[in-house]
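Worksheet: the structure to be examined is printed underneath.
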Amino acid sequence: IKNHADLVYLPWKRLRFNPLRPPPGMDRKDWWTLFAEACGFNFKIYLPGMNFILEYLDELAEKNANTLPTMKDFYNLMVQHHEVTPKRVEYFSVMYNRIRTIISILGGNLDCSVGLPLERLISKPVILSLSRLRAAEQEWLITVILTWVYAYHLAEKKRGEELLRLLVICDECHRIWGSHLE
């Protein structure tokens with residue numbers, strides 16, 4: 001901290017982030033497709049689950065054509081639905097469990113239309129401290145943030161450059177990648 005005046009230390013409890021906000025320059029639908037994929041793999045519901053998430057996001061887009069919905073809006077939309085076919089009930093059950101828990105634990109952090117400008121933060125040295133956040137929420141948050149950064153670089157056409165532009169260090173991240181990949 002003494003050597004880097006521009007270092008940002010951010011405990012997760014102070015992180016304000018809207019995962020449904022697309023990176024600047026990226027179409028909302030394109031971002032939501034990547035977001036659904038990140039959630040699908042993180043929730044272990046894969047392609048059918050991703051399609052389910054996209055279906056809900058499409059409905060959110062119709063209801064919020066001129067505003068940016070939040071994860072709380074996504075959760076509230078889920079609560080309004082009642083699935084009846086066995087497969088949809090199964091996927092809904094997993095999604096509801098995960099989204100409900102994310103809202104329970106990170107709700108205040110995610111209930112904002114914009115939040116911290118990640119596009120400005122990634123140009124600085126940042127420490128995002130996830131200490132005492134449950135492993136499942138750590139995994140989801142890191143997955144979504146890294147997917148957002150990837151999408152931002154796609155939108156900014158900052159891929160394939162020879163210079164290192166971003167370095168991410170995850171300390172003690174056995175839950176995310178497993179100790180076999182250490």
- Message: Taking the Cα centre as origin and putting +1 on Lys and Arg beta-carbons and -1 on Asp and Glu beta-carbons, what dipole magnitude results for the chain, to the nearest 20 debye?
- Response: 480
- Query: Among L133, V114, F41, which residue has its Cα positioned farthest towards the positive end of the charge dipole of the chain, with +1 placed on the Cβ of Lys and Arg, -1 on the Cβ of Asp and Glu, and the dipole taken about the Cα centre?
  - Reply: L133
- Selected from P23, P86, P125 as most flexible by GNM, with the chain as the system and alpha-carbon contacts under 10 Å: P86
- Query: Among all the lysines, which ones have a C-alpha under 19 Å from K72's C-alpha, if same-chain residues fewer than 8 places away are not counted?
  - Reply: K13, K29, K63
- Quick one: pull the percent of accessible area on the range 1-91 belonging to carbon and sulfur, 1.4 Å probe, ligands and nucleic acids left out. 56
- Note on the structure: Across 5 Å bins beginning at 0, the whole-percent shares of Cα-Cα pair distances in the chain come to 1, 7, 15, 20, 20, 17, 11, 5, 2, 1, 0, 0
- Message: Accessible area per residue for the chain in Å², computed with a 1.4 Å probe and the full protein assembly in place, what is it?
- Response: 60
- Counting alpha carbon pairs within less than 8 Å and at least 6 residues apart, what relative contact order, in whole percent, applies to the chain? 38
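The values are calculated or read from the model by the stated rules, or taken from the named source; none is laboratory data. Bear in mind that the values here come from a model prediction, so they are computed numbers and not experimental data. Here Cβ is always computed from backbone atoms with ideal geometry, including for glycine, and neighbour counts include all displayed protein chains. These area figures cover heavy atoms from the full protein model, side chains too; ligands, DNA and RNA do not enter into them. Shrake-Rupley method; radii C 1.70, N 1.55, O 1.52, S 1.80 Å.
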